[in-house]
Structure formats: structure tokens, C-alpha cells
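Written out below as C-alpha cells is the structure these notes cover.
The values are calculated or read from the model by the stated rules, or taken from the named source; none is laboratory data. Fair warning: this is a prediction, and the values are worked out from it, not measured in the lab. Using ideal geometry, Cβ is built from the backbone for each residue, glycine included, and neighbour counts are taken over all protein chains shown.
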Amino acid sequence: MRMRALILAALLSPVSAAAQPPAPLADTPVLARTIEKGEAVTPADFTVDRRPAAVARVALKPADAEGMEAARRLMAGMPVRRADLVQAQLVRRGEAVTITVRSGALSISTPGKALTGGGKGEAIRVLSGSTSSSSAAAGTARRTATPGRSRSPATWPPPPGRRARCPRR
């Protein structure tokens with residue numbers, strides 16, 4: 001009976017931290033300063049710190065953060081994961097933009113407003129200030145959009161050999 005009590009006490013007692021081997025450490029890139037949401041991240045924002053190897057495996061390398069911006073507020077001293085960063089937006093929703101159409105040497109620009117945001121080459125919607133009509137465009141530079149130049153697949157016209165689907169009334 002006494003032996004059972006000793007075994008039960010040993011099983012229920014907390015394991016001391018000294019009995020467990022320490023986790024292996026590795027050099028891990030961490031942020032040197034706090035970065036606010038939407039702020040650009042550069043390799044200069046990183047320092048190296050010793051962290052557990054499991055943390056180091058998921059930490060983003062400073063070179064991979066080039067051209068990205070924070071998706072949320074990132075605290076100093078924390079490793080950065082891929083999910084913490086998004087592609088830098090050249091055009092933000094609600095921002096005044098310049099809509100530029102180019103054909104050879106001819107260039108026509110008009111003021112407009114971004115209905116959606118996006119990065120370089122991403123499809124966005126813009127509202128032309130002169131015609132009050134919206135159209136699809138692509139972000140080409142900071143606060144600049146070019147109609148019909150996005151990398152996303154076009155929905156119109158349909159590909160050759162496919163019929164257009166129109167809703168029935």
C-alpha cells in the first residue's frame with residue numbers, strides 16, 4: 001500500500017525544469033524596432049538573437065522581407081513570420097490616384113479615386129474623376145494606375161472557343 005502511494009505521488013508531482021534538457025538555440029533574425037501596420041520592412045530593421053531552433057525555422061530572413069509591409073503591428077525583439085507581412089501596396093483604397101493610359105508616345109492622364117487597393121501589377125478598381133465611371137486597372141507606381149494592365153486573369157472577353165455566359169432574365 002505504501003509503495004502505491006509513493007508511485008502515485010511521483011506521477012502527480014510536477015516535473016522540475018532542471019530535469020528537462022534545454023532546447024537547442026539558433027541564430028534567429030528578430031526586429032530591432034517596432035513596426036506599425038502598413039509600414040515598409042527593410043533588412044536594416046532586423047538584428048540577430050539566439051532563440052529556440054523551432055522558432056528560428058519559421059522566422060523570415062531579412063532578405064525575404066524586402067519590398068513587403070507589415071500586415072499588423074510588429075513588436076521589437078520578435079521574429080517575423082511570412083503571415084506577418086503582405087506585398088507592399090502602391091495604391092490604397094479611397095486614395096486619390098492618377099489614371100494613365102499610354103499608347104506608344106501618347107500618354108493621357110486623368111485624376112481618379114481608388115475603389116480597392118493593390119500592389120504592383122495587381123488588379124484594382126478605380127473611379128475616373130472626369131467620367132465618373134469605374135474600371136479595372138493595375139497599380140503601376142505609387143498612386144498611379146493603368147487601365148487593363150493587371151496580372152490577374154481577364155474575365156472578358158472569354159477565351160477563344162468558349163461562349164460568354166450571360167444571365168437570363
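Residues considered: 51, 57. Of these, the only one that is among the basic types (Lys, Arg), touching a Pro at 6+ places or on another chain (Cβ under 7 Å) and more than 13 Å from residue 84 (Cα to Cα) is 51.
The single residue among 111, 159 that is modelled with pLDDT under 85 and over 20 Å from the mean Cα position of the chain (by Cα) turns out to be 159. Of the numbered criteria (1) touching a Pro at 6+ places or on another chain (Cβ under 7 Å); (2) farther than 25 Å from residue 39 by Cβ, the one residue 98 fails is (2). Of the residues making up segment 89-114, those that are surrounded by fewer than 18 Cβ atoms within 10 Å (Cβ to Cβ) and either in a loop (DSSP other than H, G, I, E, B) or not hydroxyl-bearing (Ser, Thr, Tyr) (or both) number 13. The listed residues are 49, 64, and the only one of them that is over 16 Å from the mean Cα position of the chain (by Cα), acidic (Asp, Glu) and not assigned by TED's automatic domain parsing to the domain that holds residue 118 turns out to be 49. Restricting 127, 60 to those that are part of a loop (DSSP other than H, G, I, E, B) and among the aliphatic types (A, V, I, L, M) reduces the list to 60.
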